[in-house]
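Written out below as structure tokens is the structure these notes cover.
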Amino acid sequence: MDEFSARRLRNVIPVLLEQRHVVTSGGVDFAGHLIDLAIMQVRLALHDISEEELSQFSNALSTGLLENETSD
């Protein structure tokens, strides 16, 4: 991704965060979750993280959490 595209994506995040605040303060939590997903997708694109890498990371975290719960 070129620097211009990366800068444009970085500029979108604060706008999305503000929109998330607006909808959640209005009691529309589901819309807030959808905006959170959009923010995550932008961040993944910025850092060139694939869906597969995210899935593997998520699985590793889940496994670690389960192991911690069973050891307590």
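A count restricted to the stretch 1-36 and to residues that are over 18 Å from residue 49 (Cα atoms), of a type outside the set (A, V, I, L, M), open to solvent by 80 Å² or more (accessible area, probe 1.4 Å) and under 16 Å from the mean Cα position of the chain (by Cα) stands at 7. Residue 39 fulfils the conditions (1) of a type outside the set (Gly, Ala, Ser); (2) modelled with pLDDT under 95; (3) open to solvent by less than 100 Å² (accessible area, probe 1.4 Å) except for a single criterion, (2). The residues listed here are 51, 69, 18; of these, the one that is over 27 Å from residue 2 (Cβ atoms) and of a type in the set (Asp, Glu) is 69. Is it fair to say residue 66 is loosely packed, with under 13 Cβ neighbours inside 10 Å, assigned to a helix (DSSP H, G or I) and of a type outside the set (Asp, Glu)? Yes, satisfied. Whenever a residue of the stretch 42-65 is among the aromatic types (Phe, Trp, Tyr) and at pLDDT below 95, its partners that are open to solvent by 50 Å² or more (accessible area, probe 1.4 Å) and outside any helix (DSSP H, G or I), lying with C-beta atoms within less than 9 angstrom and at least six residues away or across chains, give the pairs 57/49. Does the stretch 26-58 hold any residues that are over 16 Å from residue 12 (Cβ atoms) and outside any helix (DSSP H, G or I), and which are they? Once the filter is applied, which keeps residues that are over 16 Å from residue 12 (Cβ atoms) and outside any helix (DSSP H, G or I), the stretch 26-58 yields 26, 27, 28, 48, 49, 50.
The values are calculated or read from the model by the stated rules, or taken from the named source; none is laboratory data. What you see is a predicted model, and the numbers here were worked out from it, not measured in a lab. Counting neighbours? That spans all protein chains shown, and the Cβs are built from the backbone with ideal geometry, glycine included. All accessible areas refer to the heavy atoms of the entire protein, side chains included, with ligands and DNA or RNA removed. Shrake-Rupley method; radii C 1.70, N 1.55, O 1.52, S 1.80 Å.
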